[in-house]
1. Cα centroids of the range 148-165 and the range 63-121: how far apart, whole angstrom?
2. Starting with the highest mean, order 39-49, 178-188 by the number of other Cβ atoms within 10 Å, averaged over the residues of each peptide.
3. Pull out the extension gain between residue 264 and residue 82, defined as 0.36 nm times the separation in residues minus the alpha carbon to alpha carbon distance; nm, one decimal.
4. Would you mind computing, in nm to one decimal, how far apart the modelled labels at residue 96 and residue 36 are, each placed 7 Å from Cα along Cα→Cβ?
5. Between the alpha-carbon centers of the range 288-329 and the range 209-248, tell me the distance in whole angstrom.
6. If I model a spin label at residue 288 and residue 22 as a point 7 Å from the Cα along the Cα→Cβ vector, what separation in nanometres do I get?
7. Nearest 0.05, what FRET efficiency do residue 162 and residue 231 give at R0 = 45 Å with Cβ-Cβ as r?
8. Can you classify the range 15-73 as rounded, prolate or oblate using the Cα gyration tensor, where a ≥ b ≥ c are the square roots of its eigenvalues, rounded means a/c under 1.5, and otherwise it's prolate if a/b beats b/c and oblate if not?
Ligand code: SF4
């Protein structure tokens, strides 16, 4: 648990501590209303957790859309059609924009966006960009202490405040954007492919950092297409396919006894250091998001497909989680 004192508008000192939170995604549907038709990017998604989660899926599976929905940062033509996002008993989608911005965005849930390090403004020092985040969220910092604390959380020292982005390496820039996300001490940190475009050593450092945050009580929602990197960082895994979570369970269950044929196929595509096991790939392509088939969306690629799979797969409880597949009914 880490603590810091922030001075909010109005002058009082407020102490924030990271604590356990409960996050529930309830029947969420997010559709893109495009000129070519409706893309059902997130289509009936359910998840309930008070632990860190890795959301894993291939491009277009809906994982980033789900993250943007949690931040309420979806833009036209995306629209939340139905469902709820409940944090500690409060439905974030029922709040008005002002309420959400004042009490939740960046204060309870913050996000490190994909390619975020490229969004640093080249003409402003790191310090100015960090102060801007505080100003945008109504926090008047009396000195650099908050900024330095956030930088230190990411392994950077105070000197970085005076740097311009072009003076930083890719890894340092990524740490700066993570520090910016931590400035207001959120309880949930969404990291969307946080290691993209970084070399392997820096990737490992960033992952270890997220792991440390998690052990300090921060809930990490790690969005990735790479199942192999989640095991070390999160406690639970949600496997997304064609807009739906098809399997949700603890890291242990997913890695030792994955149930859904798609999860099993992802597991078989992870390279191993030992053994002679050949890597396998998943034949076929994901279904057309403009026109998802009825029933199981993995049907055309599934080696176990059967007639009843043409109907919507049921939720089958497995331990603490679930799988959506007719094989287990
Ligand atoms: Fe395969 Fe049927 Fe399970 Fe879908 S429901 S993953 S088609 S077995």
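1. Answer, in whole Å: 26.
2. Values: 39-49: 20.8, 178-188: 23.3.
By packing density, highest mean first, the sequence is 178-188, 39-49.
3. On the way: separation 182, 0.36 × 182 = 65.52 nm, distance 3.03 nm.
Value of the extension gain: 62.5 nm.
4. Between residue 96 and residue 36, the label points sit 3.9 nm apart.
5. 22
6. Distance between the two pseudo-spin positions: 4.3 nm.
7. Values: r = 38 Å, r/R0 = 0.85.
That gives a FRET efficiency of 0.75.
8. Values: a/c = 2.47, a/b = 2.15, b/c = 1.15.
Prolate shape, in that a/c is at least 1.5 and a/b is the bigger ratio.
Where a number appears in this text, it was derived from the coordinates with a stated rule and is not lab data. None of the values given here were measured: they were computed from a predicted structure. Cβ atoms come from the backbone with ideal geometry, glycine included; neighbour counts cover every protein chain shown.
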